[in-house]
1. Suppose only helical runs count, i.e. DSSP H with n ≥ 4. What mean residue ellipticity at 222 nm does that imply for chain A under -39500 (n - 2.57) per run, divided by all residues and rounded to the nearest 500 deg cm²/dmol?
2. In square nanometres, what is one fourth of the surface area of the convex hull spanned by the alpha carbons of segment C:304-410?
3. For a quick check: with amide H placed at 1.01 Å from N, whose amide H comes under 5 Å from B:Lys123's, ignoring anything fewer than 5 positions away on the same chain?
4. Using the Cα centre as the reference, give the magnitude of the dipole from point charges on the C-beta atoms of segment C:245-330 (Lys, Arg: +1; Asp, Glu: -1; all else neutral), rounded to the nearest 20 debye.
5. Are there trypsin sites (Lys or Arg not before Pro) in segment C:302-364 that DSSP puts in a loop and that have at most 16 other Cβ atoms within 10 Å, and which ones?
6. Calculate, for B:Ala16 and C:Leu25, the FRET efficiency according to 1/(1 + (r/R0)^6) with r their C-beta to C-beta distance and R0 25 Å; round to the nearest 0.05.
7. Going toward the positive end of the dipole of chain B, with +1 on Lys and Arg Cβ and -1 on Asp and Glu Cβ, which of B:Leu24, B:Ala40, B:Ile103 do you reach last?
8. With +1 on each Lys and Arg Cβ and -1 on each Asp and Glu Cβ, how big is the dipole of the protein assembly as shown about its Cα centre, in debye rounded to the nearest 20?
Amino acid sequence: MKELKILAVVVFFTLVTYWGVEPYAHSVMHKHVEFKNFKYEDLKPITAKGDPAKGQALAAACAGCHSIKAAKMPAPMDPVTASATYGVNPPDLSLAGKLLDEKYLAHFLKDPTHTALVAHKFKNRPYPMPPMATDDQSAADLVAYFKSIAPKEVTPKEAYEFACGRCHEMRYAKWTQIGEEPKTKPNIQTKMDEEKLKFQEKLAQYKDHLVKYMGKLPPDLSIIVRARSEDFLKTFVEDPQSQLPGTAMPRVGLNKEGYELVFKRLEEVGDPSKPKREAVGPWVIGYFIIFTFLAYLWYKSNWKGLK
Amino acid sequence: MSDRRDFFGKALGAFAGLGALGALYAAKRTWDPLPSVKAAGFTTIDLSQAKENVLYTEMWRGKPIFVIKVPKDAVPSDAPNGRKENAYDDKRLITVGGDKFFIAIGLCTHLGCIPAYYSDQHKFICACHGGQFNAAGEVLKAPPPSPLVIPPFKVEGKKVVLGESSPEYEKMKKAGLVA
Amino acid sequence: MAHFDPNARPFSHQWLNERLAIDTLKRVLSTEYWIPKNINFLWAMGMVLAATFGVLLISGIFLLMYYIPDTKLAFDSVNHTIMGEVGYGWLWRHMHGVAASVVFLIIYIHMFTGIYYGSYKRGRELIWLSGMLLFVTFSAEAFSGYMLPWGQMSYWAGMVITNLFSLGSLDFQGLVEWIRGDYVPGQAFLGRFFMLHVVLLPLVIMALIVLHFGTLRIPHVNNQDGEEIDFEAEAAKWKAGKRKESKVIPFNPVFMSKDVFVLGIYFIFYFYLVFYHFEFAMDPVNFDPADPLKTPPHIYPEWYFLWSYEILRPFPKDPGLIAFGFAQVIFFFLPFLDRSPNVAPANRRGIFKYWFWILLVDMIVLTVMGKVPPIGIYTTIGTVAAWVFILLWVALPFITKMEKPIRGQK
């Protein structure tokens, strides 16, 4: 049938154009980075078997800089003061045993700069975190301890705040590097929101320290899932240097579960309409299939006996 | 043959109408107040510092809120009312932390102007069309058809949260006192 | 002198007819607007375009209610308020974004249909010209709309395209700044492009659509064989009940019924893209907010501008601009550069047949080369394709002049 032949020609040229400007052009523009499934194969396996009790004793030293809420240890200082001292607010360690890869964590405790792949940034200045484990055994003990205190269930929000939230804002979820924006309202006489301004002053100081530490302000991640491909995000988190050589972003060392939780958070904030899109889509398309069928019957009844 | 054409044409038209209804529903939802607007619909007012017979204006959902602490030693003549001896005995007043307060949306129920409070006369007078309310928000003089509206509230110690309902508010609503 | 029956019931058929001539309107605009029977689905592209414009208009109205044309707020008003907060805001935005891209696919199909069947000749020159005006206005509408989310692509496209107006070595910096209302694209620029996008250009487009329809009325729509039809005689046959013998059909309902069927298929395709495959129309780079201190590693226009962008790219600055200007206007001259009297499908027209298919393939090559980075082999292919494009148009008058008249055509 002639019309189908014409349609085939139209579809052919459309698809060729599409293929050229989308899959092909993007494959040329973006370098391909192999995804390694958060295995961290460059790090040697740790064979030593950890003892949580020994780890607990060693972890007392961590509390000088870190809070460990799961073990009821409070933060030694507030985020702004901490950032003035270290460049960035040290993380609470409650979730470390749950979200970070075991092997990564052990190596990080022994040699933080090289494990986080940030040695290039700290040639002439010390990394704020000193090595906390002298050998495989003490590293394994600490890891065992962190695993023992970690909660069973972690929400995507908590995972984000632990892994990304001290450097990356997420303004669409009202998250700043120093915590959630407080709910305040302006004075109805002066129209000024004193409480908010005070919070913003602290945030400005924190960001200032962060910029000095990182070299630039890490981007807001509110809609990063729309701005970068899924493939880019996972390979970048797994090994930031692979996608952006020289970047100040450390290798965070998330395990698979940790990354999935973080990604879930990025998605629920960055693409909140996804569930609705998936729910409405089939109905709309189903509607137009029936519409087209009815239109076909009308068309055939009108064109019958014309040729 | 022509019947067949008409029938299919009409069936298609009706089905297109169905689609239009669906689109209309989406359009309706687009006009709904945003979640952030709804989430912002709560205001907490701290009443611990309030002075007697002074009008405080707060804001709730973009509307002015009148708050007056009822004077403890008020006499009947202070707050005149056509039906009641003393407006300060009105059931519309709300007890917060042991003190009685008048709390209402400060918009005249006639056409939405903001009435002014005359503390010496213990009443509100609306400049737009001359409506008057007593110190409990009851109408003293037309045109306003109904008393000043009491917003949903919840008493929390010396504070009151507007926008959130409470058993007290529901009780007043049942008795027809809130509007 | 008009006659008004005092006894006619208000709003009855007769009453309306006396005041609005509804019977005449219906006859002239639909039931006795004659379309050749010898057509294929490509003849429905006009209706598809009108419907897509309708979709853009309606979805745009809903976006307009929440969009804020302020450089500090625009990005979040689109990506947070509309995409996250407004009920079905995401649907309007995806529909708007995808329709803005797909409308160009249909425009190109519509244009190449016209070129293939010679529908720009023998009384149909104004159809072509008004259509080209629509193409240009749609391009301006698409570009101005692309500025509004104020993402990285918006900002840098605004920067690059406005810089074109310095006209190369003429260095009209004053003109560039005048267009921007600032030294760089900023608040003034966003404000005026917002105005262009939501008021001025849509008004112009609507006026041009009316003109485009008007230009069709007298020469009528072309047909698959370029046959000259005596519409009055054929219409008389139809009215006499000879549905089979007549070469024409009324616009409503016969032609419409096929249009609506094609429209149905088109909408299945369109909504599939809206729900499941929208990335091609909503570039990820534009989900990074505008940053005047950082150019994205790859910048490129939307796919429908790529071919003309690629004609600009391989040449040095001034010749590049001239080539670009040439590409922008040359299609307007098609009815006058085609010197052959034949109105027939390209495949029956000698060398023109090759001209048509080479042009199509060349423009696709230019489109793809316009997107990939201008390095190595891509630069070579792009340069060759740009020259082929220019030479094709230079050759057009000569090859059509040589074309032999097809028997039966004047």
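1. Result for chain A: -16000 deg cm²/dmol, rounded to the nearest 500.
2. Over every viewing direction, the Cα hull of segment C:304-410 projects on average to 7.0 nm².
3. Result for B:Lys123 returns B:Tyr118.
4. Approximately 220 debye in magnitude.
5. C:Arg339
6. Efficiency, from the Cβ-Cβ distance: 0.70.
7. Projecting each Cα onto the dipole axis, the largest value belongs to B:Leu24.
8. Dipole of the protein assembly as shown, to the nearest 20 debye: 2080 debye.
The values are calculated or read from the model by the stated rules, or taken from the named source; none is laboratory data. Please read all numbers here as calculations on a predicted model, not as lab measurements. Cβ coordinates were reconstructed from backbone atoms using ideal geometry, including for glycine residues, and neighbour counts include every protein chain displayed. Accessible surface is based on the protein model in full, side chains and every heavy atom, while ligands, DNA and RNA are left aside. Shrake-Rupley method; radii C 1.70, N 1.55, O 1.52, S 1.80 Å.
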